[in-house]
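Structure first, then comments.
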Amino acid sequence: MKKPTVGFVGLSHLGICSLLSVASKNFKVYGLDNNIEKIDLLKKKITNIKEKNLDKYLNKYFKNITFTSNYNNLSNCNIIYISQDVTTDSLGNSKLINVTKYINKALKFLNKNACLVILCQVPPGFTRKIKWPQRQLFYQVETLIFGNSIKRASFPERIIIGTHSLALNKKSNFSILLNSFKCPIIPMSYESAELSKISINMLLIANVTTANILSELCEKIGANWSQIVPALRLDKRIGKYAYINTGLGLSGGNLERDLTSLSKLVIKKSSSSKVINAFMHNSEINKKWVIDLFKEKSLKLKKNSKIGILGLTYKENTHSIKNSPSIDLINKISFKKIYCYDPCADLKGIFLNINRCDNVKSVIEDTDILVLMTKWKEFDNITIDMLILLMKGKIIIDPFGILRDLKLNNFGFKYFAKGTKI
């Protein structure tokens with residue numbers, strides 16, 4: 001059976017990772033973007049995306065891919081994905097204008113028998129309004145995670161598809177593509193699929209929020225959240241993959257976007273919004289956890305104190321600083337000497353009053369207070385000898401507990417981690 005040709009319109013993080021996953025199944029793929037400069041770089045196998053195995057996939061399956069900015073190529077495709085990430089504002093509101101422009105322009109060039117699949121993060125009701133025959137119109141839920149997107153796109157646990165008929169034609173081009181991923185395919189209505197995406201993130205938010213609430217309680221009563229977590233993971237109802245590590249509120253844009261979208265829906269439908277508002281409020285409280293420590297008079301910080309910050313991205317294994325707690329901290333503290341290191345944070349177009357260092361030791365050296373804001377793996381290599389030798393001060397703020405096992409308080413440090421008594 002001849003394999004269908006697949007097109008991806010919009011080559012943001014979502015588009016690139018999804019395109020590579022399809023190319024890895026040996027389908028002929030077109031990647032289209034309006035940004036000609038981006039297309040020129042992709043033709044040279046160059047991206048600005050930080051993802052494990054991305055370069056490996058791009059090199060290995062490049063023969064299956066045609067990058068272009070010419071919409072006429074869409075007429076060669078049996079299946080076309082709209083795959084541009086939806087940007088958000090500072091409040092988590094989705095900006096759908098670029099996605100809508102991509103859809104409207106693509107519709108002018110599609111083969112009349114082609115399937116159109118919306119892969120973007122859109123609110124319930126969006127897909128059904130698109131003017132394309134509904135038997136050829138689908139919504140597919142994406143569940144990528146920054147830092148592990150290639151693997152999740154190529155080997156999904158399941159694929160959720162929104163369709164008008166609640167079923168898929170098993171002999172269709174779209175089914176041939178979906179079946180190549182060898183995982184359960186779950187068809188449902190457009191609205192159910194769109195809400196599934198939000199539902200997944202809401203349950204993740206509930207886990208994160210619960211962990212932060214309980215870790216805050218630990219800090220007040222002398223319990224230790226890091227001791228409790230292993231016990232929870234052994235409970236099959238919670239599991240080893242549960243989002244129960246503490247954090248500094250919601251960041252990165254995706255969780256905030258779905259929380260904002262759901263908040264608007266429950267208000268519009270006259271449902272109770274108190275729980276949604278509580279999630280938002282808890283996130284804001286946890287974002288201030290490090291900032292509140294800086295206000296502690298007992299730390300005796302002076303304006304000329306050297307502040308060392310490790311980690312600028314909102315999480316490890318990504319270059320994104322979207323809603324990063326670290327960036328927020330830098331903007332809200334007024335110290336003259338702020339030294340930072342992050343292995344791949346993209347600060348293009350961002351002005352920060354910092355000294356950016358090339359390595360961990362340069363940040364630690366002569367630092368009065370050291371703050372670890374992202375869980376990069378290389379920070380695990382920091383030793384007690386390194387801290388004693390290089391640091392000038394004795395204050396370490398480590399919300400994620402990266403250095404917890406060093407027992408820093410036993411060596412005269414003031415060590416602060418979430419979920420332990422402060």
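The values are calculated or read from the model by the stated rules, or taken from the named source; none is laboratory data. Since the model is a prediction, treat every value here as computed from it, not as a measurement. Don't worry about glycine lacking a Cβ; one is built from the backbone with ideal geometry, like all the others, and counts go over all protein chains shown.
Remark: Ile267 matches the filter, which requires a residue to be at pLDDT below 90 and either more than 14 Å from Met373 (Cα to Cα) or in a helix (DSSP H, G or I) (or both).
Of all residues in the stretch 361-376, those that are of a type outside the set (S, T, N, Q) and over 24 Å from the mean Cα position of the chain (by Cα) total 8.
Among the residues in the stretch 76-98, are any crowded, with 21+ Cβ neighbours inside 10 Å and part of a helix (DSSP H, G or I)? Within the stretch 76-98, not a single residue is crowded, with 21+ Cβ neighbours inside 10 Å and part of a helix (DSSP H, G or I). Answer yes or no as to whether Leu144 is assigned to a strand (DSSP E or B), outside the structural domain of Cys344 (by TED's automatic domain parsing) and surrounded by 14 or more Cβ atoms within 10 Å (Cβ to Cβ). Taking the combined requirement at face value, the residue does not satisfy it. Taking the criterion of being surrounded by fewer than 20 Cβ atoms within 10 Å (Cβ to Cβ) and either of a type in the set (Asp, Glu) or not in a loop (DSSP other than H, G, I, E, B) (or both), the residues of the stretch 114-135 that qualify are Arg128, Lys129, Gln134, Arg135. When the stretch 317-342 is filtered for residues that are outside any helix (DSSP H, G or I) and in contact with a helix residue (DSSP H, G or I) (Cβ under 7 Å, 6 or more places away or on another chain), the ones remaining, listed by number, are Ile321, Asn323, Ile333, Ile338, Tyr339, Cys340, Tyr341.
Taking the residues in the stretch 343-373 that are in a loop (DSSP other than H, G, I, E, B) and polar (S, T, N, Q) as candidates, determine which candidate is nearest to Glu256 (Cα to Cα). In this case the residue turns out to be Asn353.
What's the number of the condition Ser21 fails, among (1) of a type in the set (S, T, N, Q); (2) surrounded by fewer than 21 Cβ atoms within 10 Å (Cβ to Cβ); (3) farther than 19 Å from Gly252 by Cβ; (4) in contact with a helix residue (DSSP H, G or I) (Cβ under 7 Å, 6 or more places away or on another chain)? Unmet condition: (2). Within the stretch 212-221, none of the residues are part of a helix (DSSP H, G or I), of a type outside the set (D, E, K, R), farther than 26 Å from Leu372 by Cα and outside the structural domain of Ser165 (by TED's automatic domain parsing). Applying the criterion of being touching a residue at least 40 places away in the same chain (Cβ under 8 Å) and of a type in the set (Gly, Ala, Ser) to the residues of the stretch 363-416, the residue that is nearest to Lys336 (Cα to Cα) is Gly393.
Which residues, counting only those in the stretch 109-158, are among the aliphatic types (A, V, I, L, M) and either without any contact (Cβ under 8 Å) to a residue 12 or more places away in the chain or closer than 19 Å to Asn254 by Cα (or both)? If the condition is that a residue be among the aliphatic types (A, V, I, L, M) and either without any contact (Cβ under 8 Å) to a residue 12 or more places away in the chain or closer than 19 Å to Asn254 by Cα (or both), then Ile118, Leu119, Val122, Val141, Leu144, Ile145, Ile150, Ala153 are the ones that fit.
Rundown of residues vs (1) closer than 30 Å to Lys377 by Cα; (2) among the hydroxyl-bearing types (Ser, Thr, Tyr); (3) outside the structural domain of Asp55 (by TED's automatic domain parsing), yes/no style:
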site: Gln136; (1), (2), (3): no, no, no
site: Ser149; (1), (2), (3): yes, yes, no
site: Arg152; (1), (2), (3): yes, no, no
site: Thr163; (1), (2), (3): no, yes, no
site: Ala167; (1), (2), (3): no, no, no
site: Ser172; (1), (2), (3): no, yes, no
site: Ser180; (1), (2), (3): no, yes, no
